[in-house]
Amino acid sequence: MLGLQIRTVMAENMNSELNMISSLLPLFPCITIDVEYAGLVYRSSAATRIAPSKQYALVKKNVDAVPIVMLGITLSNEYGNLPLTADGEGRLFQLAWEVTFSDFDPRRDRHAPESVTFLRSQGVCLDKARARGVSSAAFAAKLAAILSATPRPNELTWAAFGGAYDFAYMLKILTGGQPLPETWHEFMAQTHALLGGGRVFDAKYMAEHCERTDLGGLGLRRMAATLGMRWDFPELPFLAGRKSHIACFICTIMRRRILYRDGGDILVGLLDGIHW
């Protein structure tokens, strides 16, 4: 059984780690992401699911108000294979990355206290993040340079699980912290453009709109288990890097085994949490 190595990205090693990601993209052009942020400060009062325009407005209000804390990145190829590394004893590990940002300060920024409590329970030191974390501006500049230099950018594939907030935070980073666009149509157009022209998938949305009724309403870990993910890493915190790895597995199964007729292409750009 392969282990999982999550590579921590801070300000001092950001360039070297993103250079590694850049070198791997030609062979592993599927990028699965997950974000950690300090919770929701705006919620819907509606008892039932609201219209897509209102769903997006809620995402926009929260993302505009609350800074990002972490970004998880897992690379894979179209078959779900991940880049590997070996330790000194020859044991192989799959790779994932976890970028810690310096943006969030609970003494200054709006947040949900229970979310900050959760982050701290998983070992996140917010003081260390502010002092040594990556600035969004530096990360955005480096990522934009990588995407512009990647051969055949239209072959990039981006994925997340329940991806409305994940891709909203990516857009916020890449636009220098500017407020998100007013409509979800503009949001998706800008996201597509700034993510190198790649396709965008949401594994949770795909699961909710396939023929497998047993996948409806499941969270990340339960869906992974239902789809046959039997390995786990209890020693690792359940944060963005580990969650991006699980989301990568789910997305691969959805596209290659369940929605294999077209690889889920009919659902490109449809995000759970915004679309019905």
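Points worth noting:
- Scanning the range 71-123 for residues that are in a loop (DSSP other than H, G, I, E, B), touching a strand residue (DSSP E or B) at 6+ places or on another chain (Cβ under 7 Å) and within 19 Å of L27 (Cα to Cα) returns N77, E78, L82, P83.
- Options G219, G198: the member that is of a type in the set (G, A, S), within 18 Å of A159 (Cβ to Cβ) and open to solvent by 30 Å² or more (accessible area, probe 1.4 Å): G219
- Checked against the criterion of being touching a Cys at 6+ places or on another chain (Cβ under 7 Å), surrounded by 15 or more Cβ atoms within 10 Å (Cβ to Cβ) and at pLDDT 95 or above, the range 28-40 has at least one qualifying residue.
- Residue within the range 88-106 that is surrounded by 14 or more Cβ atoms within 10 Å (Cβ to Cβ), modelled with pLDDT under 95 and more than 18 Å from the chain's Cα centre (by Cα) present: yes
- Residue within the range 204-225 that is under 22 Å from E78 (Cβ atoms), over 13 Å from the mean Cα position of the chain (by Cα) and of a type in the set (S, T, Y) present: yes
- For the range 41-56, the set of residues classified as surrounded by 14 or more Cβ atoms within 10 Å (Cβ to Cβ) and either polar (S, T, N, Q) or under 21 Å from T191 (Cα atoms) (or both) consists of P52, Q55, Y56, listed by residue number.
- In the condition set (1) over 20 Å from the mean Cα position of the chain (by Cα); (2) within 16 Å of I6 (Cβ to Cβ), E36 is compliant with all but (1).
- Here the range 154-181 is the region considered, the condition is being open to solvent by 50 Å² or more (accessible area, probe 1.4 Å) and touching a residue at least 40 places away in the same chain (Cβ under 8 Å), and the residue that is farthest from I31 (Cα to Cα) is P179.
Residue-wise test of (1) closer than 15 Å to I31 by Cβ; (2) buried (at least 20 other Cβ atoms within 10 Å of the Cβ).
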{"position": "R230", "(1), (2)": "no, no"}
{"position": "F233", "(1), (2)": "no, no"}
{"position": "I253", "(1), (2)": "no, yes"}
{"position": "I258", "(1), (2)": "no, no"}
{"position": "V268", "(1), (2)": "yes, no"}
{"position": "D272", "(1), (2)": "no, yes"}
{"position": "H275", "(1), (2)": "no, no"}
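- Condition check for F238: assigned to a loop (DSSP other than H, G, I, E, B) and open to solvent by less than 60 Å² (accessible area, probe 1.4 Å): yes
- Subset of the range 1-27 (residues that are surrounded by fewer than 18 Cβ atoms within 10 Å (Cβ to Cβ) and acidic (D, E)): E12
- Condition check for D34: in contact (Cβ under 8 Å) with a residue 60 or more places away in the chain and out of contact with any Leu (no Cβ under 7 Å at 6 or more places or on another chain): yes
The values are calculated or read from the model by the stated rules, or taken from the named source; none is laboratory data. These numbers come from a predicted model, not from an experiment. Please note: Cβ atoms are built from the backbone with ideal geometry, for glycine as well, and neighbour counts cover all protein chains shown. Heavy atoms of the whole protein, side chains included, go into the accessibility calculation; ligands, DNA and RNA do not. Shrake-Rupley method; radii C 1.70, N 1.55, O 1.52, S 1.80 Å.
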